[in-house]
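A.B. asks: There's a structure below that I have some questions on.
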Ligand SMILES: Cc1cc2nc3c(=O)[nH]c(=O)nc-3n(C[C@H](O)[C@H](O)[C@H](O)COP(=O)(O)O)c2cc1C
């Protein structure tokens, strides 16, 4: 059924089909029909950092930027849902077109640029949802906030979402916000982590619960950079890392239509590089850091590979667009034997 639906949706421009699909899912959910599309995942729930994940396969950030579709997406069978990236203030993102598919290689290229309605809107959407499962909220900085003031944007988002999030993801790796990826390095990185962990402690006291922090990193780092980031995360007692975001590399799509569009590339060709990042982190820090593996999972074997590399849990985005909800079940099965 999904392949028919996908054929129709893929006739539309990529961003239009994205909106049509989510709006359709929302309507189906309101009429009690979204269960018909569920992937009937067989995997058992997993406990991690005090959270009970319904199964090992979560939805990665960026599909539901504002938290508008939480209940419909959850009904498809995801073990967790991550919404955002959200910024303190609403912003339009980059001019359209800004989302492209390269179906020959099962790839998406995007330069959305954190289009979102702002953190207050997202919090209202979370409050309005009925979802009881693990909800990650992914936070970022506004494009017009200078990088030197990025910490303030992260802290204000953190304060706003803390009472409503199961975990908070700090996005330092979108290639579409100038300067953002520089926050992953050196003294800037340490100062940011220190500020985030101090705020977490204050919010823990205020709200009487610990909400784990996860740092989302890029795949375009060499092994030494990955090791250094992993060690610093352990030093600051960050609970988890999400590896990885999209890549700037175009090696896999040379010569194909849309290959030269600016932005981050996701999908099948990202599997190897993002899994290597997972492997490097695991071999560097052992079990001192939880790892969520994301990037290029399109089947059970891809999920198994990431599990073998050391991921505690997985997320999917592009594979879900190309393969539909069935991938949740397949990936969970692969994770189980990985
Ligand atoms: C259209 C699109 C928008 C995205 N937006 C975000 C975002 O807002 N925040 C974020 O952390 N990651 C974002 N991502 C990255 C995904 O969460 C994921 O890390 C990446 O696509 C690799 O996984 P995949 O190969 O399964 O898609 C986006 C990806 C796509 C394709």
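No value in this document is a laboratory result; all are computed from the given coordinates. Only a predicted model underlies this, so the values are computations on that prediction, with no experimental measurement involved. Please note: Cβ atoms are built from the backbone with ideal geometry, for glycine as well, and neighbour counts cover all protein chains shown.
A.B. asks: Taking the Cα atoms of region 2-337, report the difference between the largest and smallest coordinate on each principal axis, in whole Å and largest first.
C.D. replies: Sorted largest first, the three principal extents are 50, 44, 43 Å.
A.B. asks: Here's another thing I want to ask about it. Can you give me the distance in nm between label points at residue 204 and residue 257, each placed 7 Å from the Cα along the Cα-to-Cβ direction?
C.D. replies: 5.3 nm
A.B. asks: Going by Cα centres, region 86-125 and region 144-194 are how many Å apart?
C.D. replies: Cα centroid to Cα centroid, the span is 17 Å.
A.B. asks: Count the DSSP beta bridges whose two residues both fall in the chain, then state the antiparallel fraction as a percent rounded to the nearest 5.
C.D. replies: For the chain, the DSSP antiparallel bridge percentage is about 30.
A.B. asks: I've got another one for you. Quick check: from the Cα gyration tensor, does region 48-107 come out rounded (a/c under 1.5), prolate or oblate?
C.D. replies: Here region 48-107 falls in the oblate category.
A.B. asks: Can you report the principal axis dimensions of region 134-209 using only the alpha carbons, biggest first, rounded to whole angstrom?
C.D. replies: So the three principal-axis extents are 35, 23, 19 Å.
A.B. asks: Quick check on region 157-296: of the DSSP beta bridges with both residues there, what percent are antiparallel, nearest 5%?
C.D. replies: Antiparallel: roughly 10 percent of the beta bridges in region 157-296.
A.B. asks: Let me ask something else. State, in angstrom, two size descriptors of region 99-170 derived from its alpha carbons: Rg to one decimal place and Dmax to the nearest whole number.
C.D. replies: 15.0, 43
A.B. asks: Given R₀ = 41 Å, what would the calculated FRET efficiency be for residue 248 paired with residue 90, taking r from the Cβ atoms and rounding to 0.05?
C.D. replies: For residue 248 and residue 90, the calculated efficiency is 0.95.
A.B. asks: If you don't mind, another one. For the pair residue 223 and residue 235, how long in nm is the line joining their label points, each one 7 Å along Cα→Cβ?
C.D. replies: Here the answer is 2.2 nm between the modelled labels.
A.B. asks: Evaluate Rg over Rh across region 1-133, taking Cα atoms for both radii and Kirkwood's formula for Rh.
C.D. replies: Here the Rg-to-Rh quotient is 0.97.
A.B. asks: Let me ask something additional. Starting from the Cα coordinates of region 278-333, work out the convex hull volume and express it per residue in Å³.
C.D. replies: 61 Å³
A.B. asks: Could you give me the percent of Cα pairs per 5 Å distance bin for region 198-338, shortest bin first, beginning at zero and ending with the bin that holds the maximum distance?
C.D. replies: The distribution over region 198-338 is 2, 10, 18, 19, 17, 14, 10, 6, 2, 1, 0, given as percents.
A.B. asks: Here's something else I'd like to know. Give, in nm to one decimal, the length gained when the segment between residue 15 and residue 308 is fully stretched (0.36 nm per residue of separation minus the Cα-Cα distance).
C.D. replies: Working: separation 293, 0.36 × 293 = 105.48 nm, distance 3.42 nm.
Full-extension gain reported as 102.1 nm.
A.B. asks: Per residue of the chain, what 222 nm ellipticity follows from adding -39500 (n - 2.57) for every DSSP H run with n ≥ 4, rounded to the nearest 500?
C.D. replies: -12000 deg cm²/dmol
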